[in-house]
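The values are calculated or read from the model by the stated rules, or taken from the named source; none is laboratory data. All figures in this text were calculated on a predicted structure; none of them were measured in a lab. For neighbour counting, all protein chains shown are included, and Cβ atoms are generated from backbone atoms with ideal geometry for every residue, glycine included.
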Amino acid sequence: MSAMRCAVYARYSSDLQRETSIDDQVAVARRYADQQGWMVLDAHLYTDAAVSGSSLDGRPGIHALLAAAETTPRPFDVLLVDDSSRVARDLRDALHVMRTLKFAGIRTIYLSQQIDSDSEQAETLLTIHGLVDGLYCKEMSKKIKRGLAGQIDRGFSVGHRTFGYDSVPIPDPSGKLTATASRSCSVNA
């Protein structure tokens, strides 16, 4: 019997995270495949960088993965993913991806949670983790909105450059740069 051929999917969610997160996720998958005597196919490394997992929309990597999985002959046997939240933070999407791959004859393994689609408990375990992943997304959204509102209340800019204003660094008492404020700038005609 020949070695299982593996694809890998990796994602990180925002510009504030490190691009090396994808490399780290792929490295974890490669180590797992090596331990099993399986082969990771470099042509089937699918990634989405700085994209939220709250929806499958706007994620070319996951769509390319699903399209490849539906081709004949099947290009890989197993999909390795570091964590279920990398595929989706929406339960419906997470189940859709696993079911689509299973229908195509592709086994999915979420390494950190040890969820294997070949297991009878896979959908139950994915559902539990999917609920937690979804709650994380909702709670994070609330915290971000709260933080942005606080910054606005303190008179700070919370995003893009404000037309007619300059950004001015504001050091905290220790001398670290902690925020920027906007001040009106004059325009010479």
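Among the numbered criteria (1) touching a residue at least 12 places away in the same chain (Cβ under 8 Å); (2) over 17 Å from L111 (Cα atoms); (3) out of contact with any strand residue (DSSP E or B) (no Cβ under 6 Å at 6 or more places or on another chain), which single criterion is violated by G37? G37 satisfies all of (1) touching a residue at least 12 places away in the same chain (Cβ under 8 Å); (2) over 17 Å from L111 (Cα atoms); (3) out of contact with any strand residue (DSSP E or B) (no Cβ under 6 Å at 6 or more places or on another chain) except (2). Residue check: is V26 β-branched (V, I, T) and either surrounded by fewer than 18 Cβ atoms within 10 Å (Cβ to Cβ) or without any contact (Cβ under 8 Å) to a residue 24 or more places away in the chain (or both)? When the stated conditions are applied, V26 passes them. Only one entry of S14, S2, S54 meets the criterion of being among the polar types (S, T, N, Q) and either at pLDDT 95 or above or crowded, with 17+ Cβ neighbours inside 10 Å (or both), and that entry is S54. For region 33-43, does any single residue satisfy the condition of being crowded, with 17+ Cβ neighbours inside 10 Å and of a type in the set (D, E)? Checked against the condition, which is being crowded, with 17+ Cβ neighbours inside 10 Å and of a type in the set (D, E), region 33-43 yields no hits at all.
Here's the yes/no breakdown for (1) at pLDDT below 95; (2) surrounded by 14 or more Cβ atoms within 10 Å (Cβ to Cβ); (3) in a helix (DSSP H, G or I):
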| site | (1), (2), (3) |
| --- | --- |
| T108 | no, yes, no |
| Q113 | yes, yes, no |
| E123 | yes, yes, yes |
| H129 | yes, yes, yes |
| F163 | yes, no, no |
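The residues on offer are R74, R86, and the sole one that is touching a residue at least 12 places away in the same chain (Cβ under 8 Å), surrounded by 21 or more Cβ atoms within 10 Å (Cβ to Cβ) and of a type outside the set (S, T, N, Q) is R86.
Among residues that are surrounded by fewer than 18 Cβ atoms within 10 Å (Cβ to Cβ), hydrophobic (A, V, I, L, M, F, W, C) and modelled with pLDDT of 95 or more, F103 is included.
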